[in-house]
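Here's the structure, in structure tokens; my notes come after.
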Amino acid sequence: MIHLAVNIDHIATLREARGGIEPDPVAAASIAELAGAIGIVCHLREDRRHINDRDLRLLRETIKTKLDLEMAATEEIITIALDTLPDLVTLVPERREERTTEGGLDVASNLVYYTQVVARMHQNDIAVSFFVEPQRDQINAAATAGADIVELHTGTFANARSSHEQQEELRKLREAAAYAASLGLNVTAGHGLNYVNVRSICTIPEIQEVSIGHAIIARAAFVGLDTAVRDMVRLLQVYSH
């Protein structure tokens with residue numbers, strides 16, 4: 001079965017829209033865990049546009065499953081990660097002007113630096129994932145750097161404008177997942193996945209986990225977070241058997 005990790009960034013986005021204290025992403029994480037999520041994902045951005053340092057500290061203290069900290073590999077955020085000690089860090093690209101992460105990390109172009117980052121994390125018993133495009137050169141680079149996991153970027157697949165385009169992107173994901181697994185990497189996937197398109201991702205046997213945020217939080221506005229998470233967990237159970 002493919003497992004679900006819930007990204008709670010958009011709970012914090014709602015909070016920051018009013019500059020207040022609610023809704024609380026820490027409370028949201030607890031609800032998601034109780035509803036069946038096997039992990040909580042949050043992205044501590046350099047500009048702190050949603051999750052902030054206080055959230056991260058409290059999440060580390062309260063999460064019972066797995067805390068996955070998405071982060072740019074800057075010295076400031078690396079230092080915070082080493083102080084907080086999440087179970088996993090997922091290294092992602094980050095640009096100030098983007099609304100959300102727009103694509104995979106280019107590990108291959110800065111391999112020496114990322115190898116050093118992985119070593120620092122491993123010295124503190126933090127597993128490392130690279131968020132990459134479904135491309136062999138990036139998967140090879142992630143493996144060379146010492147990654148434990150590659151998270152395949154599914155955004156292009158999710159945004160495909162035609163059935164033909166979607167099937168082509170699914171083919172790339174399928175081949176990339178098989179290749180990554182052949183290198184001994186664990187494989188996850190995320191970005192743009194929802195209650196409809198996740199069914200296709202569930203046909204890829206090497207993918208062990210999906211990270212989903214926006215679609216779940218959007219559904220939660222109508223049915224509540226507990227139900228929204230349980231609905232996704234149920235779909236993954238059905239589709240991946």
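Here the sum of -39500 (n - 2.57) over DSSP H runs of 4 or more residues, divided by the residues of the chain, equals -14000 deg cm²/dmol at 222 nm, to the nearest 500. Translational diffusion of the chain, estimated by Stokes-Einstein from the Kirkwood radius over alpha carbon pairs at 4 °C in a medium of 1.567 mPa s, is 73 µm² per second. Using only side-chain charges placed at the Cβ, +1 for Lys and Arg and -1 for Asp and Glu, the dipole size of the stretch 1-139 relative to its Cα centre rounds to 220 debye. Please report, ordered by residue number, every helix of the chain (full DSSP H runs) that is 18 Å or longer along its axis going by C-alpha atoms and whose mean Kyte-Doolittle hydropathy reaches -0.5. Qualifying helices, which must be both long enough and hydrophobic enough, are 225-239.
Think of each Lys and Arg Cβ as +1 and each Asp and Glu Cβ as -1; about the Cα centre, that makes the dipole of the chain roughly 560 debye. In units of the compact-protein estimate 2.2 N^0.38 Å, the stretch 124-171 shows a Cα radius of gyration of 1.40.
Computed packing ranks the peptides 143-156, 67-80 as 143-156, 67-80, most packed first, by mean other Cβ atoms within 10 Å. For the stretch 116-161, the set of trypsin sites (Lys or Arg not before Pro) satisfying both a DSSP loop assignment and a count of at most 16 other C-beta atoms within 10 Å is given as Arg161.
What does the C-alpha gyration tensor say about the overall shape of the stretch 1-95? Classify as rounded when a/c is under 1.5, otherwise prolate if a/b is larger than b/c, or oblate. Because a/c hits 1.5 or more and a/b fails to exceed b/c, the stretch 1-95 counts as oblate. Of all the options Thr188, Thr90, Thr65, the one that moves most in a Gaussian network model of the chain with Cα springs shorter than 10 angstrom is Thr65.
When the stretch 3-239 is described by a simple charge dipole with +1 on each Lys and Arg Cβ and -1 on each Asp and Glu Cβ, the residue from Ile40, Ile216, Pro134 located farthest towards its positive end is Ile216. Using a Gaussian network model of the chain whose springs link C-alpha atoms within less than 10 Å, name the residue from Ile31, Ile51, Ile201 with the highest mean-square fluctuation. Answer for the Gaussian network model of the chain: Ile31.
Every number in this text was worked out from the coordinates using simple rules, so none of it is lab data. If you're wondering where the values come from, they're calculated on a predicted model, not measured in any experiment. Cβ: placed from backbone, ideal geometry, glycine included. Neighbour counts: every protein chain shown.
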